[in-house]
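This report refers to the structure that appears directly beneath it.
The values are calculated or read from the model by the stated rules, or taken from the named source; none is laboratory data. None of the values given here were measured: they were computed from a predicted structure. Methodologically, a virtual Cβ is constructed for each residue, glycine included, from the backbone with ideal geometry; neighbour enumeration extends over all protein chains shown. What goes into the accessible areas is simple: the full protein's heavy atoms, side chains included, and nothing from ligands, DNA or RNA. Shrake-Rupley method; radii C 1.70, N 1.55, O 1.52, S 1.80 Å.
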Amino acid sequence: MSDRKIRLTCPDCGQTNQFPADKAAGNPKCGVCGQGLNSGKVAALDLKTLEKAAKTDDLPLLVDFWAPWCGPCRAMAPEFERAARNLAPQVRLAKIDTQSHPDAAIRYTIRGIPAFILFHKGRELARFSGARPAAELERMVREKLALV
Ligand code: ZN
């Protein structure tokens, strides 16, 4: 157990960081840019970083596909931030702006926003759509991950 390694992609610079599993909960810093890797804050991703994190990260990643023109997305933002604090350090939350990164909506076949995809162990574990309170989103994520 003690020599188990965790891989986390830095949301800022895209570097894959690897460290002992017991450090993951302590917001370890990116070896390249110094960004906290598990801060409980919602990180903004681009498509390249999202694809890398979805494929390689050892912690579950919940991604909010949103856009500035979308009212429900903006209303959901503080709820998503609250969920990020509450689900840390077991789950990382990130968002991608599908207006700036329309290729992300195509890549993940997003038909309506807000949409949330939960990635774990290199695959899509679940998908939720529509704005909802933080508590409800947290409950859905915990159920899917069996973190009860
Ligand atoms: Zn970094």
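Report the far tail of the P(r) of the range 89-148, meaning the percent of Cα-Cα pairs longer than 17 Å.
Roughly 41 percent, rounded to a whole number.
Once both labels are modelled 7 Å past Cα along the beta-carbon direction, what's the Gln15-Val32 spacing in nm?
Label at Gln15, label at Val32, 0.7 nm between them.
So who's got an amide H within less than 5 Å of the one on Asn27, skipping anything under 5 residues away but keeping other chains? H placed 1.01 Å off N, in plane.
Asn38
Among residues other than Leu118 whose Cβ falls under 15 Å from its Cβ, what is the net charge (Lys/Arg +1, Asp/Glu -1)?
On the way: positive: Lys55, Arg92, Lys95, Lys121, Arg123, Arg127, Arg132, Arg139, Arg142, Lys144; negative: Asp57, Asp58, Asp64, Glu124, Glu136, Glu138, Glu143.
With Lys, Arg at +1 and Asp, Glu at -1, the net is +3.
Using a 10 angstrom cutoff on alpha carbons, build the Gaussian network for the chain and name the most mobile of Ser129, Ser39, Ser100.
In the Gaussian network model the winner is Ser100.
Give me a comma-separated list of calculated 3J(HN,Hα) values for the range 92-104, in order, Karplus coefficients 6.51, -1.76, 1.60 applied at θ = phi - 60°, integers in Hz, x for any Gly or Pro.
Result, ordered by residue: 9, 10, 9, 9, 9, 7, 6, 7, 6, 10, x, 5, 5 Hz.
Rounded to the nearest 10 Å², what accessible area does Glu143 show when all protein chains are kept and the probe is 1.4 Å?
Approximately 120 Å² for this residue.
Work through the residues other than Pro20 whose Cβ is under 11 Å from its Cβ and net out their charges, Lys, Arg +1 and Asp, Glu -1.
That sum, taken over residues with Cβ under 11 Å, equals +1.
Once you have all Cα-Cα distances for the chain, histogram them in 5 Å bins from zero and send the whole-percent values.
Each 5 Å bin holds this share of Cα pairs: 2, 10, 21, 24, 21, 14, 6, 2, 0, 0.
If I build a Gaussian network model for the chain, linking alpha-carbon pairs within less than 10 angstrom, which residue out of Val63, Val32, Val91 has the largest mean-square fluctuation?
Val32
In degrees, nearest 10, range 0 to 90: what is the angle between the Cα axis of helix 47-56 and the longest Cα principal axis of the chain?
Tilt relative to the chain: about 50 degrees.
At 222 nm, what value in deg cm²/dmol follows for the chain if DSSP H runs of at least 4 each add -39500 (n - 2.57) and the sum is divided by all its residues, to the nearest 500?
-9500 deg cm²/dmol
Give the angle, between 0 and 90 degrees and rounded to the nearest 10, that separates the Cα long axis of helix 134-145 from the longest principal axis of the Cα atoms of the chain.
Between helix and principal axis, roughly 50 degrees.
Using Stokes-Einstein with the Kirkwood hydrodynamic radius over Cα pairs, what translational diffusion coefficient do you get for the range 32-87 at 20 °C and a viscosity of 1.002 mPa s, in µm²/s rounded to a whole number?
On the way: Rh = 12.7 Å.
This corresponds to a translational diffusion coefficient of 169 µm²/s.
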